[in-house]
Amino acid sequence: MHASVWANQLPTATINGTKDERHAIYALTNAHIFVDSNTELDNATILIQDHKILNVGKSISIPANAVVLDLYGANIYPGFILLDSNYGLSKVGKRAPFSFFAKEILASTTEGAVNTNEAIKASYRAINDFHHDKDQAKQLRKNGFGTVLSSKHDGIMRGTSVLVSLDDKADQQSIIKQEQAFWLSFDKGSSKQLYPISLMGASALLRQTWLDANWYGKGKANFTDLDLQAINANKSKLHIFAVNSWQQVLLADKIAKEANKNIILRTAGDTYKHIDAIKKLNQSLIVPVSFPKALEVSDELDAQNVSLEKMMQWEAAPYNLYYLHKNNIEFSIAPNIKDQKTFLQNLRKAITKGLPKSAALTALTATPAKMLNNPKLGHLNRGAIANLIIAEGDLFSKDGRIAENWVAGERFIINRLAKIKSGVYQLNVKGVTHELEIVAKGGKLTLKSTNKDSKVKYTATTDNDFITIEIKDETVKDEENSSKLMGLLTHNSMQNIQGQLPLWSANRVADIKKDDKKDKKTKDKVPNIPQPFSAYGLHKPATADSYLLTNATIWTNEVDGILTASDVFIKNGKIIKIGQNLSVKADRTIDATDMHLTAGIIDEHSHIALLSVNDIAVNSAMVRMQDALDSDNINIYRNLAGGVTAAQLLHGSANPIGGQSALIKMRWGATGDELLIKAADKFIKFALGENVKRSVAQESIRYPLTRMGVEQVYRDAFANARVYEKQWQTYNKLSKRAKKQTTAPRRDLMMDATLEVINKNRFVTAHSYVQSEINMLMQVADDFNFNINTFTHILEGYKVADKMLAHGAGASSFSDWWAYKWEVNYAIPYNAAIMAKVGITTAINSDSPEMARRLNQEAAKSIKYGNLTEQQALKLVTLNPAKLLHLDDRMGSIKVGKDADIVLWSNNPLSIYAKANKTFVDGKLLYDRDKQVAIEAQIAKERERLIKKINASDEPKKPAMMPPKKHMQCDSITGYEYLSGAGQ
């Protein structure tokens, strides 16, 4: 039933019949009205004409020609506003999963004057794609929505969305605003083009495209790019950034602020995992009310496939909105696009977990209206668009339900509205009084006597305003045991039809008394969220207390060598004093008798704590590994347990010129950016050999396909960087007046980073194996007047150690890995010792989350293979990698003034029996073996508690599956649907 029969008729349309323009006024009376989340009116009336609210109040005048609808005390709420939907738009095309072995698609497959990268779809306009979807609209209205911001979830720059009304009018009449918002994401969507295949690649593409749009907007480009034009045309519009994790929330915020863009973030519902970091952003969020399903853990073997973290997520996710509200973070609420039907159920669950009902209403009405800057949405004041929900009972409680949804004045009946309210009624029949409890839900009434001992049964059926009640007395066995009453329903009462017998009536006299015992449920305790969100997360942040470590055997890595029975005092994250019998005031004193104290191990070549490792562009210098940091990664904690305190997180070896490195400390409990070592020199990954020329991908067409081609990639990149530098030097020399008449060169992030290399402002770590290529790269570097900082892997380094020394290169090698592919068949375990003895700064690295936990043992192998001294061997994983990373002024040895990155070992650190007892980073004790037994006992206890809780829940369970291990190595590829990491 609609407010006007011909509401969807356009004024320009040809009319087949007589013209019908109805402008009826509707008066919704006897309602409890939530004008907004802060204003309620009881027993009030709201007047509607066409698509607007004429008036609202308790004693307003109702026009004589108004259609009066008595709502019998029902609740009226403002219609909900949805900011994340694909309503009415064409479906996104699917693409084949990424394959390392398939023929590459290197260029865009989209025809037309569009961007050269297919993931940039900025010129897409949802308005041109929109068409009313009857079934989709029906489901959205069932959830209470009246207004929808519809966007196509496809690409990294997704174009504009359209704001539409969920009425049944023609498409032309349903559109509220054509281009309401511009959408962004890190997901390349349907793009078949190879680049990007990683999170950091997507980030680099975003940065570059914004720079390109700015340059293009100067009007001097000699080509047409409709996507760049669209970016500039929409720069003043609301920007909404869709992300898939809390880490991406931080990354999107960072990239947007770099580009001076104001954004709203559409999140993934996991912001509770690091709510403090989210709060600091001061950003508005769109939050899905979507929770992880309970996993099947009733069987002990099934339970072993479920990590504690998964169970923690199941418990904590419903509290996400509570945490956001508690921290005064502005948010609007959206359903899960893939599961719309659970929206109200999940919303009510969030409310039971602490989200106030008023906050829920605000997040569905006033807040999204504010985000849209539309003052006519989100409330029921005079002049507002007539979007309203009529609900039976409290909409935000489990017993509440939507009866009607009025959209722009158009009436949609979802469920029949009960004409009487649940309660205690006195039914009078022929002078006999029956006291009944009546529960009303829509058109269905359930009746029972308030006398628990009564044997009289009551049933009722309704048909619009008519009711039939059957009374059956089970104590009477003859035909006289039942009778029927027929009558009319009115507001909270009923009575016989005039002129019909018997005479009867029923009136509401009281509310139904709640069964306190039945309603009494044990309230769940709000989960304590550890940092990071994992089994070994910290429930209290570690602090840099002052520590006095006494009576240890100290491996200084300095001229003092090894000190016995000596003390180290650390404070404020630094080494303050070293000596015997130190007399200082310390927060804690640790007896290190029989323990060995060393500087923390530094892994020169690591891929832990990353969400992606490789992108695929031949020159990926614009890619930044810091954009893909995963501070929740358990391998950080495992590295601490192995005495590792710092690492260089490298791009993989898929390309000759890889991405920019991230130098981190193992600051367990920090965010990604907090892991980064501040003011560190800049590094970048280069690669040679089989991975670069894609030896195993026989269908590959990506240049280069030979080792000779690899050399040409470098020479071409460096030569172009010099040209690029010259263009900017020429431009920068111009006067201010001349600059106004001259277009600046195009800013190229790839060339910027490449130029930093040849200008010695960024330092190269080169993946390398074969001596011929090692010589080649040194020659190329010499030709462009810079040097290769470090050859990593470098398994044939022993063949060219003299040339490496002359060039000024360092080396970071495996201890004894060889023969795992053709290009390492000539590797020998003496390699590291030979290079070290020649005078090359040599380190041992891991390239593996597992090997990283025993780098001390890997270093010790050079004593056997090469006769290094113990102190020389330890330096392979401490001081030498610090030198290679230009960090030896603050770490790598035990020296006053250096960072308090310290490990206490149970034995000689080069022994296979040595275990890291305590690991300090910046003076914070982040791993303590003495507490490990208690931690693991607590983990077991927590698992047991959550398994019991899941089994006791009445939620449907889904099968438990063993999750894939995400161990990143040099050739790991993390596309959007693909994960692999099988070798070096």
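For the stretch 331-354, what are the residues that are out of contact with any helix residue (DSSP H, G or I) (no Cβ under 6 Å at 6 or more places or on another chain) and not β-branched (Val, Ile, Thr)?
Correct list: 334, 336, 338, 339, 341, 343, 344, 345, 346, 347, 348.
Could you list all residues from the stretch 574-604 that are under 30 Å from residue 812 (Cα atoms) and out of contact with any Phe, Trp or Tyr (no Cβ under 9 Å at 6 or more places or on another chain)?
574, 601, 602, 603, 604
For a quick check of your reading: which helices (runs of 4 or more DSSP H) sit entirely within the stretch 813-898 and have at least 2 residues that are under 20 Å from residue 665 (Cα atoms)?
Here the list reads 855-864, 870-875, 879-884.
Do the conditions hold for residue 779, that is, is it assigned to a helix (DSSP H, G or I), at negative phi and surrounded by fewer than 16 Cβ atoms within 10 Å (Cβ to Cβ)?
yes
Does residue 146 count as on the phi > 0 side of the Ramachandran plot, in contact with a strand residue (DSSP E or B) (Cβ under 9 Å, 6 or more places away or on another chain), modelled with pLDDT of 95 or more and not acidic (Asp, Glu)?
When the stated conditions are applied, residue 146 does not pass them.
What number of residues within the stretch 428-457 satisfy the criterion of being over 28 Å from residue 390 (Cβ atoms) and either in contact with a Ser or Thr (Cβ under 6 Å, 6 or more places away or on another chain) or part of a strand (DSSP E or B) (or both)?
Summing the residues that are over 28 Å from residue 390 (Cβ atoms) and either in contact with a Ser or Thr (Cβ under 6 Å, 6 or more places away or on another chain) or part of a strand (DSSP E or B) (or both) in the stretch 428-457 gives 10.
Would you check which residues across the stretch 561-614 are more than 13 Å from residue 548 (Cα to Cα), in contact with a strand residue (DSSP E or B) (Cβ under 6 Å, 6 or more places away or on another chain) and acidic (Asp, Glu) and list them?
Matches in the stretch 561-614: 603, 604.
Give the residue that is modelled with the lowest pLDDT, with candidates limited to residues of the stretch 929-976 that are part of a loop (DSSP other than H, G, I, E, B), exposed (fewer than 11 other Cβ atoms within 10 Å of the Cβ) and charged (D, E, K, R).
Per the stated criteria, the residue is 965.
Considering 812, 848, which residue is of a type outside the set (Val, Ile, Thr), buried (at least 22 other Cβ atoms within 10 Å of the Cβ) and modelled with pLDDT under 95?
848
Being surrounded by 18 or more Cβ atoms within 10 Å (Cβ to Cβ), free of Cβ contacts under 8 Å to residues at least 40 places away in the same chain and not in a helix (DSSP H, G or I) is the requirement here; does residue 786 meet it?
The answer is yes for residue 786.
From the residues in the stretch 542-574 that are assigned to a loop (DSSP other than H, G, I, E, B) and of a type in the set (A, V, I, L, M, F, W, C), which one is farthest from residue 587 (Cα to Cα)?
Restricting to residues being assigned to a loop (DSSP other than H, G, I, E, B) and of a type in the set (A, V, I, L, M, F, W, C), the top hit is 559.
Just need a number here: residues in the stretch 789-812 that are part of a helix (DSSP H, G or I) and either among the hydroxyl-bearing types (Ser, Thr, Tyr) or more than 43 Å from the chain's Cα centre (by Cα) (or both).
So the answer is 9.
Going through 113, 96, 122 one at a time, which residue ends up being touching a strand residue (DSSP E or B) at 6+ places or on another chain (Cβ under 9 Å) and not β-branched (Val, Ile, Thr)?
122
Give, as residue ranges, the helices (runs of 4 or more DSSP H) completely inside the stretch 654-762 that count at least 3 residues that are over 35 Å from the mean Cα position of the chain (by Cα) and crowded, with 18+ Cβ neighbours inside 10 Å.
707-732
Given (1) within 30 Å of residue 360 (Cα to Cα); (2) of a type in the set (Val, Ile, Thr); (3) outside the structural domain of residue 25 (by TED's automatic domain parsing); (4) buried (at least 18 other Cβ atoms within 10 Å of the Cβ), identify the lone condition not met by residue 462.
(1)
Among the residues of the stretch 94-122, write down those that are within 23 Å of the chain's Cα centre (by Cα), outside any strand (DSSP E or B) and within 29 Å of residue 133 (Cα to Cα).
94, 95, 119, 121, 122
The values are calculated or read from the model by the stated rules, or taken from the named source; none is laboratory data. Just so it is clear, the model here is predicted, and its values are computed rather than measured. All Cβ positions, glycine included, derive from the backbone under ideal geometry; neighbour counts span all protein chains shown.
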